[in-house]
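The values are calculated or read from the model by the stated rules, or taken from the named source; none is laboratory data. Quantities reported herein were computed from a predicted structural model and do not represent experimental measurements. For neighbour counting, all protein chains shown are included, and Cβ atoms are generated from backbone atoms with ideal geometry for every residue, glycine included. Each accessible area value is taken on the protein alone, full model and side chains, heavy atoms only, with ligands, DNA and RNA left out. Shrake-Rupley method; radii C 1.70, N 1.55, O 1.52, S 1.80 Å.
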4 protein chains.
Amino acid sequence: MQLGMIGLGRMGANMVRRLTRGGHQCVVYDTHPDAVAALVKEGAVGSSSLDEFVHKLSAPRAVWLMVPAAVVDRTLADLVPRLAPGDIVIDGGNSYYVDDLRRAKQLAAKGLHYVDVGTSGGVFGLDRGYCQMIGGEPAVVQHLDPIFATLAPPFESAPRTAGRSGPPSTAERGYLHCGPNGSGHFVKMVHNGIEYGLMAAYAEGLNILQHANIGRRDHAVDAETTPLRDPAHYQYDLNVGDIAEVWRRGSVVASWLLDLTAQALGKDPGLESYAGRVSDSGEGRWTVLAAVDEGVPVPVLSAALFERFSSRGEDDFANRMLSAMRHAFGGHVEKPAGH
Amino acid sequence: MQLGMIGLGRMGANMVRRLTRGGHQCVVYDTHPDAVAALVKEGAVGSSSLDEFVHKLSAPRAVWLMVPAAVVDRTLADLVPRLAPGDIVIDGGNSYYVDDLRRAKQLAAKGLHYVDVGTSGGVFGLDRGYCQMIGGEPAVVQHLDPIFATLAPPFESAPRTAGRSGPPSTAERGYLHCGPNGSGHFVKMVHNGIEYGLMAAYAEGLNILQHANIGRRDHAVDAETTPLRDPAHYQYDLNVGDIAEVWRRGSVVASWLLDLTAQALGKDPGLESYAGRVSDSGEGRWTVLAAVDEGVPVPVLSAALFERFSSRGEDDFANRMLSAMRHAFGGHVEKPAGH
Amino acid sequence: MQLGMIGLGRMGANMVRRLTRGGHQCVVYDTHPDAVAALVKEGAVGSSSLDEFVHKLSAPRAVWLMVPAAVVDRTLADLVPRLAPGDIVIDGGNSYYVDDLRRAKQLAAKGLHYVDVGTSGGVFGLDRGYCQMIGGEPAVVQHLDPIFATLAPPFESAPRTAGRSGPPSTAERGYLHCGPNGSGHFVKMVHNGIEYGLMAAYAEGLNILQHANIGRRDHAVDAETTPLRDPAHYQYDLNVGDIAEVWRRGSVVASWLLDLTAQALGKDPGLESYAGRVSDSGEGRWTVLAAVDEGVPVPVLSAALFERFSSRGEDDFANRMLSAMRHAFGGHVEKPAGH
Amino acid sequence: MQLGMIGLGRMGANMVRRLTRGGHQCVVYDTHPDAVAALVKEGAVGSSSLDEFVHKLSAPRAVWLMVPAAVVDRTLADLVPRLAPGDIVIDGGNSYYVDDLRRAKQLAAKGLHYVDVGTSGGVFGLDRGYCQMIGGEPAVVQHLDPIFATLAPPFESAPRTAGRSGPPSTAERGYLHCGPNGSGHFVKMVHNGIEYGLMAAYAEGLNILQHANIGRRDHAVDAETTPLRDPAHYQYDLNVGDIAEVWRRGSVVASWLLDLTAQALGKDPGLESYAGRVSDSGEGRWTVLAAVDEGVPVPVLSAALFERFSSRGEDDFANRMLSAMRHAFGGHVEKPAGH
């Protein structure tokens, strides 16, 4: 079927490629003409303005936005007046689901349909397919099924779950209509919250392995340093990259994130090319906010989020506060770095 | 080659089966004669006493212990006097690596070799193979290579990591000589610590999804209950099992644990067959102890451990303490359950 | 000076008493006439309707609301139309500071002034005085200074901080103009967030003391229970109440919360009168939300909040999920309670 | 009575002063003769060797060690051969209680008594008195009562707990016989674990206040930065020092640690004299180890400990691991510091 795509960055462009290869017609638009031209060469229908973009689409139009969350409202402000009742707008980016609720209501007032799609897959989606979590009206989601089916990974990409039988459900083919508007991004938000937790679990564990030779190092002997009681217990020089690799086969902690971890450690065993300032892009925060609203305890997911904040130095004032207190009650003086 | 196996429970018996199928000769012993008899039918060489077991093995003997961690020392006390210098004892169970250090020293004093092997794979190991993390002397580990290679999963069970080439290393074939004695169980300990963190990340995230309809429930309006500011934001009845399933293909959080989660939710969507009292079996605790000794922060792994303690009611006195304080300073009275 | 008080519950009534004793005239109103009558006996000016209440106040009126956060908007809807430009409304309850921002703007549009006051002191405030954190316009806050000064604890209630000299600032007399509207409740919100953390620190520590005799108990010996390596290390039957008491003098952890803890343990050493279902009333949640918005890590404050959620069973589904996973990969069966 | 004191550092010297002022005779020894000379001027009995020290004490001797935990065993090795059956050795430092169990047994074999005393009070103890947590044999602890009573803070230093009556117990006079050997240091260990939690609660909360103006700052607009949804909610320039001060009177979070915090912020509002590298000196770690052994959840106390580890950069490898994973699956590139 025909789909319009606005936003031809890393994600949007690859989705157009996957759809074009799958036999769909993609009309594409981006504020950078080069991005449009590149995809035209690969079979997409280009457009140099929003007007042209909209006119090249047949009614009812289906327009997929793949733009940064901060730009969605601005894009909608430009796009919506050009659309006609019955047209469909899909937000496939990383919007906050609370914004979906508002946008869906605004579009409905104009006779337009809104679909929110959380997509996972990253830079590998072009080849592996995109896992899609979808929120919207049933008939509209059904109408778009050919698009979702093509974007999704194949059923064969994972062994069938024991107990499932019959024709594969869409969940088994990598996309799921989760519920009404907002639910797609809600589920994607929690997906990313979990992702933070998984990543932190690996990172903390590998950090323990990396320090398993601490018994060999000389330690300061002073009142400000806790002595290691049993240096003989920490004499291991472990190859963390090989350990990540061996866990990929047969272990309980095997996962796609572990595959990537093994690869990263293979390339750069000491991870010297990174500084350790870890960004967070919204979903992890929103996941914690949702948990707090729901009254659901998330000590692991929140700890993972807070580690990222700390990695960027946001704990600095708090830490200086602790040193100030220690100095006040015990006369303790801070030790300089490296001691 | 020939291997003696002591301990024919779930894990030990399946390892014998996998080795026998792989062409090795297994001499087996267990305090339950039935367990021995069952494996003899499948091609193992049985023994009805430790003496018989030892006599059926050719020097240098290789004896694999697959017994509960609490029984290893007792088993060694019976076994070691029957062995001869040059013989090898392998502890393939879930021993604390600190015990390995002691045992290796004790055995070395008698001319015996000790190898510690952390094995992961659970009830699926017979078919999938066992991921093995190995600690011991290089020559001894090399001598046992045929055993490890057969127990391990095949190279083909995971796609090769980008950047690796040439003949597959043992890490790529599911087993790794990590370092000297204790390192095998050290790495396995951290593996399990990570496992706790991964499991908690999924469980917390799915719990948020499960409560996404909290805006529909009636809420108490009183000073002891935080009102939900935006009930409209929490109106989703999500199918958590389908969500776990859809994440299996193409998403960033795909993993073997997620496969099992999807399966469990498929069978019992409300998880009614579980009470939620979660055991912990040692490695998660030892992981936190190691991190504390090393001075490595593990907020996620420790939070995952403490959630298990709390699930068993070990936070009870602390919680009553909190209620007592709230009553003392604010006159707050506890709300009964279900309100 | 004259002050109108709406809301004569535990907090409001005691504030009226403290103000009356301090020489101020309080005009009081409550939807329960009994509450009004009781305070009239103690010197307050009663009113049986909002109209009467407003008419008994001289312009510019100063009206203090001491009602549940959930009722503030409704109360304002009734009150505001009866006020005149220049009048002042003070919200002394536990409102979310974000609501203050909205209300201040709405009132300003009508020429009214809004002041938000976070008050701490609980049931002891009548005698000890109320710590007040104030947000609002400087001139308006200054105008109300006699009220704040009387409600506040005396300067003498704490030894002067080293380095401070000259006439005591209001911060040293128990009240502080923190900044513009919302800042009073913002600071109070964080105060309560800290309170959660402090309470949890005591509760967790005392729980460790309470379990210091765990080495004496019989333990299950099975694969689902981690054995205690050194039972000899946990043979202490400690008197937790006496320990809380001894820490009150000379120790680093002395605090008012500890005073209350010692008292609660003195009355009920086993805390048998509590079930351990710990409520949370909003500020702890909002503190975490603010930290997440600011990108400030709060692992301790959030852990304290989540312990409360868990104490009420909100971790139940997550825990059953963990048991389901353990069963799936390891065949582990849950142990019943008490084993 | 007479007491021998070995170790005349900050703590030991002040204890001698407090005892001397209280009418006790202190025989003192230190490896630094200057430290001895200084106290002789203040009324202590000096000694220039361990032999002289022991000979100046009357049997049964009571010798208090106030030396770093790492030096206790060495000091005992020198001291014990010089003592006679019936003599008493008191370890008043920060020893691990597990070491007490071993030492008490070793000394008992020689007819010597061992008493472990956890002391809190820091640099303020000379004037305020020392809170003492005591482990040992009842008769021996009773024998030393005059010493403990003099070192302890006066009963009057805190208002009596409601519900307590009759002659004040020792708990109400600042010292407590907690139980058999090790229990004094066990209780002190948990005291310090709680101290970590309390300190972290204040530090995290004050950090939120310090960042309450984040809505005023320019923020990067890119895919790696979470935009602040409501900058208008974070426009407060708060005086954190005044807030700490105001909380000292009448609030629920008042404490001695808060007193010190207010003082530190008064002197150095931006805490510029600290770098934020926070040491930990053992007890916080041991508290977490004990909790893990007991199966008691301590998410707050452990989070507080791990924040200290992170403040010293021990999370570095883990953070780089997270950046490496983000780069691998999403092509995310780290943002440099300050952006």
Exercise. Would you check if there is a residue in region A:281-294 being open to solvent by 10 Å² or more (accessible area, probe 1.4 Å) and farther than 30 Å from residue B:226 by Cβ?
Key: no
If I filter region A:161-181 for residues that are farther than 23 Å from residue B:164 by Cβ and of a type in the set (Val, Ile, Thr), do I get at least one hit? yes
Note on region B:260-280: residues farther than 24 Å from residue B:313 by Cα, more than 8 Å from chain C (Cβ to nearest Cβ) and open to solvent by less than 40 Å² (accessible area, probe 1.4 Å) are B:262
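Yes/no matrix, rows are residues, columns are (1) at pLDDT below 95; (2) of a type in the set (Val, Ile, Thr); (3) in the same structural domain as residue D:94 (by the TED database):
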residue	(1), (2), (3)
D:246	no, yes, no
D:269	yes, no, no
D:293	no, no, no
D:298	no, yes, no
D:305	no, no, no
Determine if region C:243-252 includes at least one residue that is assigned to a helix (DSSP H, G or I), within 13 Å of chain D (Cβ to nearest Cβ) and open to solvent by 10 Å² or more (accessible area, probe 1.4 Å).
no
Note: among D:111, D:166, just one is away from every other protein chain (no Cβ under 14 Å), over 20 Å from residue C:253 (Cα atoms), assigned to a loop (DSSP other than H, G, I, E, B) and at pLDDT 95 or above, namely D:111
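Okay, residues lined up against (1) aliphatic (A, V, I, L, M); (2) touching an Asp or Glu at 6+ places or on another chain (Cβ under 9 Å):
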| site | (1), (2) |
| --- | --- |
| B:78 | no, no |
| B:85 | no, no |
| B:88 | yes, no |
| B:94 | no, yes |
| B:98 | yes, yes |
| B:103 | no, yes |
| B:106 | no, no |
| B:112 | yes, yes |
| B:117 | yes, yes |
The condition from (1) touching a residue at least 40 places away in the same chain (Cβ under 8 Å); (2) surrounded by 24 or more Cβ atoms within 10 Å (Cβ to Cβ) that residue D:321 misses is numbered (1)
Checked region D:134-145 for anything buried (at least 21 other Cβ atoms within 10 Å of the Cβ) and either within 12 Å of the chain's Cα centre (by Cα) or away from chain C (no Cβ under 14 Å) (or both); matches are D:144
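Please go through region D:1-12 and pick out each residue that is in contact with a helix residue (DSSP H, G or I) (Cβ under 9 Å, 6 or more places away or on another chain) and under 18 Å from residue D:57 (Cα atoms).
D:1, D:3, D:4, D:5, D:6, D:7, D:8, D:12, listed by residue number.
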From the option list D:152, D:200, single residue qualifying as touching a residue at least 24 places away in the same chain (Cβ under 8 Å), open to solvent by less than 10 Å² (accessible area, probe 1.4 Å) and among the aliphatic types (A, V, I, L, M) is D:200
Residues of region C:169-185 being in contact with a strand residue (DSSP E or B) (Cβ under 7 Å, 6 or more places away or on another chain), facing another protein chain (nearest Cβ under 7 Å) and not aliphatic (A, V, I, L, M), in sequence order, are C:174, C:175, C:178, C:179, C:183
Answer with yes or no whether residue D:194 is more than 7 Å from every other protein chain (Cβ to nearest Cβ) and not in a loop (DSSP other than H, G, I, E, B). no
Scanning region C:69-81 residue by residue, those of a type outside the set (A, V, I, L, M) and either surrounded by 15 or more Cβ atoms within 10 Å (Cβ to Cβ) or in contact with a Gly (Cβ under 7 Å, 6 or more places away or on another chain) (or both) turn out to be C:75
Does any residue of region D:309-318 turn out to be outside any loop (DSSP other than H, G, I, E, B), open to solvent by less than 20 Å² (accessible area, probe 1.4 Å), more than 7 Å from chain A (Cβ to nearest Cβ) and out of contact with any Lys or Arg (no Cβ under 9 Å at 6 or more places or on another chain)?
yes
Counting only residues that are more than 7 Å from every other protein chain (Cβ to nearest Cβ) and not polar (S, T, N, Q), region A:197-222 contains a total of 7
Cβ pairs under 9 Å, 6+ apart or interchain, first in region B:221-239 and assigned by the TED database to the domain that holds residue B:205, second β-branched (Val, Ile, Thr) and modelled with pLDDT under 95, ordered by first then second residue, are B:224/B:333; B:227/B:221
- Quick one: is residue B:232 part of a helix (DSSP H, G or I), open to solvent by less than 10 Å² (accessible area, probe 1.4 Å), touching a helix residue (DSSP H, G or I) at 6+ places or on another chain (Cβ under 7 Å) and facing chain A (nearest Cβ under 8 Å)? no
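Please enumerate the residues belonging to region B:179-197 that are among the small types (Gly, Ala, Ser) and open to solvent by less than 10 Å² (accessible area, probe 1.4 Å). Give the derivation first.
Here is the first cut: in region B:179-197, the residues among the small types (Gly, Ala, Ser) are B:179, B:182-184, B:193, B:197.
Residues satisfying the conditions are B:182, B:183, B:184, B:193, B:197.
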